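The structure under discussion appears below in the form of structure tokens.
The values are calculated or read from the model by the stated rules, or taken from the named source; none is laboratory data. This one's a predicted model, so the numbers in the text were calculated from it and none came from an experiment. Please note: Cβ atoms are built from the backbone with ideal geometry, for glycine as well, and neighbour counts cover all protein chains shown.
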Amino acid sequence: MATNLRTILRDQCDVAWSLFEYHAEALTDEVLLWSPSAHQWTMRQVDDRWRADLAKVEPDPVPVTTIAWLTWHMGWWWSTATAHLAQTPAPSPDEIQWPDSASEIIRWLDRIHAEWQQVLADTERLDDEASYPWPEGSGKTLADMAAWVNVELTKNIAEIGQLLVIRRAREYAGDN
């Protein structure tokens with residue numbers, strides 16, 4: 001029995017999301033800005049607003065990212081992918097309003113997840129050309145973009161999990 005591509009994409013997203021829900025239990029305000037390195041990308045409060053460290057050209061070596069930065073990054077690219085699929089204006093990085101508490105971040109990302117799943121369920125355009133995250137004319141489809149969302153989501157959630165594991169290991173060893 002053949003399974004619908006949209007169902008496969010939604011189910012894969014749900015598997016990744018269940019890993020986020022597992023890690024979300026360990027998210028606290030205290031862990032958001034923690035980093036195992038001073039060479040990092042994080043969120044910084046500028047003019048009463050949180051802004052992400054970001055560069056047009058990725059530095060070498062690539063900075064360690066904090067959980068705060070990873071959650072902002074997830075919100076940004078996932079909101080952008082959702083906008084492309086829904087055919088609405090995509091937010092710029094500066095337009096992403098990052099909540100600064102673990103509980104609000106979890107609610108924010110949960111809302112983005114629900115929006116993504118609804119837009120994916122409603123679309124009949126999976127064969128249409130995608131212009132995100134690839135440039136126009138790449139030959140990639142919206143189905144390719146949805147598959148990319150699943151991979152990127154899984155990668156970012158795994159990075160959050162790894163940071164939580166490293167922090168707990170350092171606390172256990174007394175190496176804050």
Name the pairs: first residue in the stretch 55-68 and assigned to a loop (DSSP other than H, G, I, E, B), second residue β-branched (Val, Ile, Thr), Cβ to Cβ under 6 Å, at least 6 apart or on different chains?
Thr66/Thr42
Close pairs (6 angstrom Cβ cut-off, 6 or more residues apart or separate chains): among the charged types (D, E, K, R) in the stretch 147-163, modelled with pLDDT of 95 or more and part of a helix (DSSP H, G or I) anywhere
Glu159/Leu70
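Residue-wise test of (1) touching a His at 6+ places or on another chain (Cβ under 7 Å); (2) surrounded by fewer than 19 Cβ atoms within 10 Å (Cβ to Cβ); (3) modelled with pLDDT of 95 or more.
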site	(1), (2), (3)
Asp60	no, yes, no
Thr66	no, no, yes
Thr71	no, no, yes
Ala81	no, no, yes
Asp94	no, yes, no
Asp100	no, yes, no
Ser103	no, yes, yes
Asp110	no, yes, yes
Ala121	no, yes, no
Residue that is surrounded by the most Cβ atoms within 10 Å (Cβ to Cβ) [pool: residues in the stretch 18-46 that are closer than 13 Å to Arg167 by Cβ and in contact with a Ser or Thr (Cβ under 8 Å, 6 or more places away or on another chain)]
Leu32
Just one of (1) closer than 18 Å to Thr7 by Cβ; (2) of a type in the set (S, T, N, Q); (3) within 14 Å of the chain's Cα centre (by Cα) trips up Gln117, so point out which.
(3)
Of the criteria (1) in a helix (DSSP H, G or I); (2) of a type in the set (Ser, Thr, Tyr); (3) free of Cβ contacts under 8 Å to residues at least 40 places away in the same chain; (4) under 18 Å from Glu159 (Cβ atoms), which one Thr71 fails
(3)
Only one of Glu171, Glu124 that is in a loop (DSSP other than H, G, I, E, B) and over 14 Å from the mean Cα position of the chain (by Cα):
Glu124
Is there a residue being farther than 25 Å from Lys56 by Cβ and in a loop (DSSP other than H, G, I, E, B) anywhere in the stretch 136-151?
yes
Scope the stretch 1-32; condition more than 16 Å from the chain's Cα centre (by Cα) and either outside any helix (DSSP H, G or I) or of a type in the set (Phe, Trp, Tyr) (or both); matching residues
Met1, Ala2, Thr3, Asn4, Glu25, Ala26, Thr28
Give just the number: which of (1) surrounded by 15 or more Cβ atoms within 10 Å (Cβ to Cβ); (2) over 16 Å from the mean Cα position of the chain (by Cα); (3) more than 24 Å from Asp11 (Cβ to Cβ); (4) not hydrophobic (A, V, I, L, M, F, W, C) does Thr88 not satisfy?
(1)
